[in-house]
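Report on the following structure.
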Amino acid sequence: MTQAAPPGPAQVSPGGPTPERATADAHQPRTPRQWVTLAVGVVVLVALCLVAGRWQWNRYVAREAEIERIETNYASEPVPVDAVLDGPGATLDEADLWRPVTLVGRYETDATVLLRNRPVGGSPGFHVLVPFVTNPTAAAPDGLVVVVDRGFVPLGTDAVTPGDVPAPPEGEVEATVTLRGDEPPSGRDAPDGQVQAIATDQVLAAGPDGTAWAEGRTVGAYGQLRIEVPPAAEALEALPKPDTDPGSHLSYAFQWGVFAIGALAGFWLLVRRDRRDARGEETTLTAGDLLAAQDPDAARARREPRSRRPSAEDEEDALIDAQLGAGREAAPDRRPAQASETSSA
């Protein structure tokens, strides 16, 4: 009785893929032109990251210098205005920003102007700008004209007009203000009696009498009101203290640096992977690849095979294999004897 042959291993068609062929087909080496294109792209990317990081670093340095100046000047004792602005036409030195000074004179109430689109604490409204005329001094025989930002008023019935605007105190006033440099003039239009920036010439020009009355007495600075003596009958909402938050410039600078390093590391890993593919080795990048980039000796130690003691399962498999091997060696000695007995019969 013919027995069916035991099933053999699955047959693979000659044209089917083999592991060696699949590996060869999967590897498609990049051409020199492709490598040059990738290298140029990486260089451009790294350069852009470094430029952006440098820009953020410069902003961080400038912001730190500004914070240091604010903390030093804002808490200093007030000095007379002529100790900082020595006469008409004087501009505020950068080192004197945020310095408190005292103005003695009177407000030019009829020349009041409103600054629009400058919210305070997230609330929309207007800043009240009133020119202040100081008493005559030796350096300014006709006095100085300094624009004072007296405070903030919320919106009125619409976005064009404010609510009630309290009047400043009448007569001679001693006002303590924080000096700020004039802002660049704004090119945007504004309704009558309003401005878009605190630039002395624009503020005076927006008043009903224009700039003629203050000609030759202005300075390139304005003041943010702190205290008035005597105080006004109705106070405006005070302006907030200067912001000393450093922002996120430093963290952004480090992030751009990390991006630049990541671009270089990615290109190096791509080159390494392509070389391994060309040698037909395993192409999967593992933690060992990153370790090799940092410590080649440690990576080599990880790749070296380590001897291990056989487990209980290994010893059991070896014993079974030995018994099966002994049975196969004894089987040929019995078969010839059986064949001769059959022949004799």
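The values are calculated or read from the model by the stated rules, or taken from the named source; none is laboratory data. What you are looking at is a predicted structure, and each value in this text was computed from that prediction instead of being measured. Cβ placement follows ideal geometry from the backbone for every residue including glycine, while neighbour counts extend to all protein chains displayed. Note: accessible area is taken over every heavy atom of the protein model, side chains too, but ligands, DNA and RNA are not part of it. Shrake-Rupley method; radii C 1.70, N 1.55, O 1.52, S 1.80 Å.
May I ask you to list the residues in the range 37-70 that are without any contact (Cβ under 8 Å) to a residue 24 or more places away in the chain and over 21 Å from the mean Cα position of the chain (by Cα)? Within the range 37-70, 37, 40, 41, 43, 68 meet the criteria. Evaluation of residue 183 against the conditions (1) in a strand (DSSP E or B); (2) open to solvent by 20 Å² or more (accessible area, probe 1.4 Å) shows that the sole unmet condition is (1). A Cβ distance below 6 Å, combined with a sequence gap of six or more or placement on separate chains, defines the contacts here; from the range 226-246, residues that are within 22 Å of residue 119 (Cβ to Cβ) reach residues that are open to solvent by less than 80 Å² (accessible area, probe 1.4 Å) and part of a loop (DSSP other than H, G, I, E, B) in the pairs 234/166; 236/166. Tell me whether the range 90-105 contains one or more residues that are among the polar types (S, T, N, Q), under 24 Å from residue 208 (Cβ atoms) and open to solvent by 10 Å² or more (accessible area, probe 1.4 Å). No, because not a single residue in the range 90-105 is among the polar types (S, T, N, Q), under 24 Å from residue 208 (Cβ atoms) and open to solvent by 10 Å² or more (accessible area, probe 1.4 Å). You will find that of 54, 30, the residue that is open to solvent by 70 Å² or more (accessible area, probe 1.4 Å), at pLDDT 50 or above, of a type in the set (Lys, Arg) and in contact with a helix residue (DSSP H, G or I) (Cβ under 7 Å, 6 or more places away or on another chain) is 30 and no other. Among the residues of the range 132-149, at least one is closer than 18 Å to residue 205 by Cβ, of a type outside the set (A, V, I, L, M), touching a residue at least 12 places away in the same chain (Cβ under 8 Å) and open to solvent by less than 30 Å² (accessible area, probe 1.4 Å). Is it fair to say residue 171 is open to solvent by less than 20 Å² (accessible area, probe 1.4 Å), within 15 Å of residue 109 (Cβ to Cβ) and either not in a loop (DSSP other than H, G, I, E, B) or not acidic (Asp, Glu) (or both)? When the stated conditions are applied, residue 171 does not pass them.
Considering the range 194-250, and only residues there that are basic (Lys, Arg) and touching a strand residue (DSSP E or B) at 6+ places or on another chain (Cβ under 8 Å), the residue that is farthest from residue 177 (Cα to Cα) turns out to be 217.
When you look at residue 63, is it charged (D, E, K, R) and assigned to a helix (DSSP H, G or I), yes or no? In short, yes. The single condition among (1) surrounded by 14 or more Cβ atoms within 10 Å (Cβ to Cβ); (2) modelled with pLDDT of 90 or more; (3) part of a loop (DSSP other than H, G, I, E, B) that residue 117 does not satisfy is (2). Is it the case that some residue within the range 248-258 is under 26 Å from the mean Cα position of the chain (by Cα) and farther than 30 Å from residue 40 by Cα? Within the range 248-258, one or more residues are under 26 Å from the mean Cα position of the chain (by Cα) and farther than 30 Å from residue 40 by Cα. Counting only helices (runs of 4 or more DSSP H) that sit completely within the range 197-298, those holding 2 or more residues that are open to solvent by less than 40 Å² (accessible area, probe 1.4 Å) and modelled with pLDDT under 90 correspond to 249-278, 287-294.
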